[in-house]
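Enquirer: Following this message is one structure expressed as structure tokens.
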Amino acid sequence: MTLDDADTPSPAPRFHTGKLPNSKTQDGKPRLLLMGQRRSGKSSISNVVFHKLPPSETLYLETTTKIKKESMHSFMDFQVWDLPGQFDYLDSAFDSAEIFSEIGALVWVIDAQDEYLEAITKLNATILKLQSTFPSINVEVFVHKVDGLSDDYRSDTYRDIVQRVQDELSDAGVENAPVSFYQTSIYDHSIFEAFSKVIQKLIPELPTLEALLNALCANCRIEKAYLFDIVSKIYIATDTSPTDIGSYEICSDYIDVIIDITEIYGKIPDPNEEFTNGAEQIGAKEVGNGPAESLITLEKKGNYLYLREVHQYLTLICILGDDSPTDRKGLIDYNVSVFEHALTQVFPR
Amino acid sequence: MNAVKRQKNRKVLLMGKSGAGKSSMRAVVFSNYVAKDVRRLGATIDVEHSNIKFMGNLMLNLWDCGGQDGFVENYLTHQRTHVFSSVAVLIFVFDIESREFMADIQNYYNIIQALEECSPTAKIFCLIHKMDLVQARLRIQLLDERVELIKAQSRGFAETMEFYATSIWDQSLYKAWTQIIYYLIPNAHTIEEMLKQLAEVIDARELILYERTTCLMVTKVTRSEKENPYHDRFERISSILKTHKQSMAKHTGIPAGSANFAELQIKAAGFMFFITRLTENTNLAVCIPPAEHIFNTARLNIELSKASFASLDVASRKRPVEGSVAGSSSTGDLDRA
Ligand SMILES: Nc1nc2c(ncn2[C@@H]2O[C@H](COP(=O)(O)OP(=O)(O)OP(=O)(O)O)[C@@H](O)[C@H]2O)c(=O)[nH]1
Ligand SMILES: Nc1nc2c(ncn2[C@@H]2O[C@H](COP(=O)(O)OP(=O)(O)OP(=O)(O)O)[C@@H](O)[C@H]2O)c(=O)[nH]1
Ligand SMILES: [Mg+2]
Ligand SMILES: [Mg+2]
């Protein structure tokens with residue numbers, strides 16, 4: 001099965017979405033590799049995003065000595081491999097096929113607070129190597145730890161890194177390599193936003209989801225709608241209106257409230273229901289009343305945020321915007337149920 | 001009911017050496033600062049006063065006492081009675097990272113002596129602060145060690161004083177401050193009784209009454225037969241609601257002081273939860289069984305009970321709602337956030 005890339009009519013799509021041409025088995029479990037220099041922040045990222053480690057606790061992480069593999073079970077199963085920075089994976093002692101085959105994305109972490117020339121050299125060597133062996137791996141460069149840089153210095157550093165990588169690649173005769181850049185930090189939402197974008201490229205159904213979200217927004221004048229994997233706080237799709245980090249932030253903070261309150265009160269066992277121990281959260285199978293739902297109404301703005309569980313692993317979050325009188329709730333409920341129905345056709349439960 | 005109610009002014013001293021984090025915690029709890037913004041605060045010159053009105057008739061009169069040696073010297077000598085008389089609570093902040101713990105203890109002892117002399121019935125809350133700087137597994141032991149040493153220097157207060165490990169980076173700050181507020185509220189019992197009745201009527205599993213600006217809990221009622229295993233849930237809810245308020249303020253552009261929600265509702269597996277405004281300064285968080293009819297009658301009944309809760313408040317001169325946390329002129333720098 002091939003998938004047409006809806007937005008990019010160019011002959012060779014820059015990013016592959018979902019199909020894994022390197023995959024030996026086609027089992028559809030994409031793997032994300034975290035690579036970069038020692039202490040660039042790979043384990044911190046993995047722990048903060050996938051284990052909810054408080055960012056300040058990453059100060060105590062020790063250097064990684066062997067590859068650490070995490071499996072994520074969600075609407076799509078994927079693996080995250082945290083690679084120690086101390087080895088040279090291009091060395092022939094490593095079986096590069098073992099490491100690089102079947103990967104969906106290579107996330108290369110560069111410490112923007114440190115000297116980065118060597119990191120760039122290694123990154124480019126890796127890209128060149130991949131170009132000859134696994135040419136369609138998405139390379140995602142995280143210009144990381146930008147929290148420590150002043151605004152001006154931050155954008156200068158970012159531009160410098162992008163420029164150097166692209167110059168060196170084009171000197172080596174490689175144009176249009178599938179390389180993207182992000183500014184990230186574990187101390188704010190940027191790392192989650194970046195991961196969301198990395199993962200979206202691996203979802204074949206993305207264009208369909210975007211179209212559904214666009215329709216929802218248009219029908220009930222919603223400002224912005226996101227489809228979240230609520231446990232990881234990664235969003236797998238949003239409508240195609242411009243996104244900004246602020247919209248992601250408000251949704252992510254909203255999820256925190258929901259997750260916390262649900263954890264606190266959702267587990268009190270109902271005498272008639274059997275609860276299993278462990279991570280019985282909002283994403284888990286429902287008991288009692290219908291799917292989780294939430295609404296925040298502001299004193300000064302009317303309805304403002306809306307959340308509804310629409311799939312075992314997926315939650316719809318809408319920023320209703322400044323103009324959403326409380327009586328529009330019925331219209332939204334209706335359209336969301338239409339959306340929910342369409343979604344079950346994309347992702348059968 | 002129509003006896004003239006008087007506002008209870010409660011004087012609270014916030015002391016500890018310079019840099020211990022006193023103004024930082026004040027900014028986070030009372031002035032809607034997010035933790036990472038406290039770096040902007042400068043050292044406190046002399047004393048900064050702020051008045052915070054809570055539910056009922058509590059008016060908190062907070063003295064944030066700059067901790068530089070010269071100022072402390074002055075409190076202990078020229079201003080001794082002015083500073084240390086009629087104190088209800090002394091909050092003493094120790095910096096866990098301090099390299100001169102023995103000097104801190106000496107400074108503490110001097111202050112205790114003055115307090116014993118001028119306000120022997122005061123209560124002391126000792127906050128061992130910046131705990132985030134200590135590795136999680138070492139915290140308890142370190143806390144115990146410090147508690148021993150501090151208690152030994154606390155004279156007549158040693159028996160009644162309370163200790164809390166705190167950090168502006170997590171909910172521990174709310175745990176400590178909730179206890180302080182609870183201790184200070186004069187009519188907590190009356191409020192609790194009224195809440196209990198309300199909880200019965202609406203069949204609530206839990207009710208939490210909290211102050212809107214600080215998100216500190218005033219009091220709560222639990223009715224659910226099954227014990228909730230999350231014993232830290234109250235400070236956790238304070239902390240999450242505070243963070244959320246800041247997030248909403250940032251996103252909507254409404255100042256944090258007035259970015260209040262009219263209502264938040266969550267309907268999920270096994271429970272329903274909502275938060276609504278109760279009185280001028282308080283919100284009520286309600287957890288009920290998951291049934292639409294309970295939800296609807298609960299909202300209605302709370303609406304009807306608002307008047308009787310409002311009557312617990314002292315008739316205050318009409319002021320804008322946001323103004324309820326405004327301090328005296330010297331707190332100007334804290335109100336920017
Ligand atoms: N300021 C800042 N520091 C960060 C950030 N991410 C990670 N760090 C810090 O970077 C240091 C190293 O992080 P690690 O995650 O252990 O680095 P690593 O890339 O896994 O290193 P190796 O395992 O040796 O390859 C830690 O002290 C983290 O606290 C960030 O976004 N901002
Ligand atoms: N790591 C950490 N740092 C903190 C915490 N609370 C405050 N700080 C830092 O401590 C520094 C000093 O805080 P202040 O609140 O100004 O200290 P202060 O006690 O008011 O000092 P004076 O006004 O001079 O008496 C600030 O730069 C804060 O960043 C905390 O919980 N953890
Ligand atoms: Mg590591
Ligand atoms: Mg100060």
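The values are calculated or read from the model by the stated rules, or taken from the named source; none is laboratory data. Computed from a predicted model, the values in this text were never measured in an experiment. Backbone-built Cβ (ideal geometry, glycine too); neighbour counts: all protein chains shown. Just the protein is used for accessible areas: all its heavy atoms, side chains included, with ligands, DNA and RNA removed. Shrake-Rupley method; radii C 1.70, N 1.55, O 1.52, S 1.80 Å.
Enquirer: Quick test for you: out of B:S224, B:S238, pick the one residue that is in a loop (DSSP other than H, G, I, E, B), within 14 Å of chain A (Cβ to nearest Cβ) and touching a strand residue (DSSP E or B) at 6+ places or on another chain (Cβ under 7 Å).
Expert: Matching residue, one of B:S224, B:S238: B:S224.
Enquirer: Check the range B:14-34 and report whether any residue there is surrounded by fewer than 19 Cβ atoms within 10 Å (Cβ to Cβ), assigned by TED's automatic domain parsing to the domain that holds B:I124 and more than 10 Å from ligand 4 (Cβ to nearest atom).
Expert: Looking through the range B:14-34, at least one residue is surrounded by fewer than 19 Cβ atoms within 10 Å (Cβ to Cβ), assigned by TED's automatic domain parsing to the domain that holds B:I124 and more than 10 Å from ligand 4 (Cβ to nearest atom).
Enquirer: Let me ask something else. I'd like the residue in the range A:315-333 that is away from chain B (no Cβ under 12 Å) and small (G, A, S) and, out of all such residues, is most open to solvent (accessible area, probe 1.4 Å).
Expert: The selected residue is A:G330.
Enquirer: Sticking with this structure for a sec: Taking the range A:135-148 only, how many residues are modelled with pLDDT of 90 or more and open to solvent by less than 40 Å² (accessible area, probe 1.4 Å)?
Expert: Qualifying residue count for the region: 7.
Enquirer: Now a separate question. Would you pick out the residues in the range B:43-55 that are farther than 15 Å from B:T213 by Cα and surrounded by 22 or more Cβ atoms within 10 Å (Cβ to Cβ)?
Expert: B:E48 - this is the single residue of the range B:43-55 that is farther than 15 Å from B:T213 by Cα and surrounded by 22 or more Cβ atoms within 10 Å (Cβ to Cβ).
Enquirer: Take the residues in the range A:24-79 that are near ligand 1 (Cβ under 7 Å from one of its atoms), of a type in the set (S, T, Y) and touching a Gly at 6+ places or on another chain (Cβ under 9 Å); name whichever of them is most open to solvent (accessible area, probe 1.4 Å).
Expert: Top of the filtered list is A:T63.
Enquirer: While we're on this one: Which of the numbered conditions does A:D239 fail, given that it passes all the others? Conditions: (1) surrounded by fewer than 16 Cβ atoms within 10 Å (Cβ to Cβ); (2) on the phi < 0 side of the Ramachandran plot; (3) more than 10 Å from chain B (Cβ to nearest Cβ).
Expert: (1)
Enquirer: Report, by residue number, each residue of the range B:82-124 that is away from ligand 4 (no atom under 16 Å from the Cβ), assigned to a helix (DSSP H, G or I) and of a type in the set (A, V, I, L, M, F, W, C).
Expert: Answer for the range B:82-124, where residues must be away from ligand 4 (no atom under 16 Å from the Cβ), assigned to a helix (DSSP H, G or I) and of a type in the set (A, V, I, L, M, F, W, C): B:F84, B:F101, B:M102, B:A103, B:I105, B:I112, B:A114, B:L115, B:C118.
Enquirer: All but one of (1) among the acidic types (D, E); (2) open to solvent by 40 Å² or more (accessible area, probe 1.4 Å); (3) assigned by TED's automatic domain parsing to the domain that holds B:D232; (4) out of contact with any Pro (no Cβ under 8 Å at 6 or more places or on another chain) hold for B:E206, so report the exception by its number.
Expert: The failed condition is (2).
Enquirer: Here's something else I'd like to know. Scan the range B:56-66 residue by residue and report those that are open to solvent by 10 Å² or more (accessible area, probe 1.4 Å) and touching a helix residue (DSSP H, G or I) at 6+ places or on another chain (Cβ under 8 Å).
Expert: The one that is open to solvent by 10 Å² or more (accessible area, probe 1.4 Å) and touching a helix residue (DSSP H, G or I) at 6+ places or on another chain (Cβ under 8 Å): B:W63.
Enquirer: I would also like to ask the following. Would you be able to say whether some residue in the range B:183-195 is loosely packed, with under 14 Cβ neighbours inside 10 Å, modelled with pLDDT of 90 or more and outside the structural domain of B:V89 (by TED's automatic domain parsing)?
Expert: Taking every residue of the range B:183-195 in turn, at least one turns out to be loosely packed, with under 14 Cβ neighbours inside 10 Å, modelled with pLDDT of 90 or more and outside the structural domain of B:V89 (by TED's automatic domain parsing).
Enquirer: Say we look at the range B:258-276 and pick out the residues that are facing another protein chain (nearest Cβ under 8 Å), within 27 Å of the chain's Cα centre (by Cα) and not hydrophobic (A, V, I, L, M, F, W, C); which of these is farthest from B:I237 (Cα to Cα)?
Expert: The selected residue is B:S258.
Matching residues to (1) assigned by TED's automatic domain parsing to the domain that holds A:R39; (2) part of a loop (DSSP other than H, G, I, E, B); (3) farther than 21 Å from A:S44 by Cβ:
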{"site": "A:D88", "(1), (2), (3)": "yes, yes, yes"}
{"site": "A:V107", "(1), (2), (3)": "yes, no, no"}
{"site": "A:D114", "(1), (2), (3)": "yes, yes, no"}
{"site": "A:L123", "(1), (2), (3)": "yes, no, no"}
{"site": "A:S136", "(1), (2), (3)": "yes, yes, yes"}
{"site": "A:Y158", "(1), (2), (3)": "yes, no, no"}
{"site": "A:A177", "(1), (2), (3)": "yes, yes, yes"}
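Enquirer: Of the residues in the range A:293-314, how many are open to solvent by less than 20 Å² (accessible area, probe 1.4 Å) and of a type in the set (D, E)?
Expert: Qualifying residue count for the region: 1.
Enquirer: Now for a separate question. Among B:Q135, B:Q141, B:Q79, which is the only one that is of a type outside the set (V, I, T) and away from ligand 2 (no atom under 16 Å from the Cβ)?
Expert: Every option except B:Q141 fails the conditions.
Enquirer: Under 9 Å between Cβ atoms, which residue pairs at least 6 apart in sequence (or on different chains) link something in the range B:20-45 that is free of Cβ contacts under 8 Å to residues at least 60 places away in the same chain and within 14 Å of chain A (Cβ to nearest Cβ) with a partner that is near ligand 4 (Cβ under 8 Å from one of its atoms) and not in a loop (DSSP other than H, G, I, E, B)?
Expert: Qualifying pairs under 9 Å: B:R39/B:S24.
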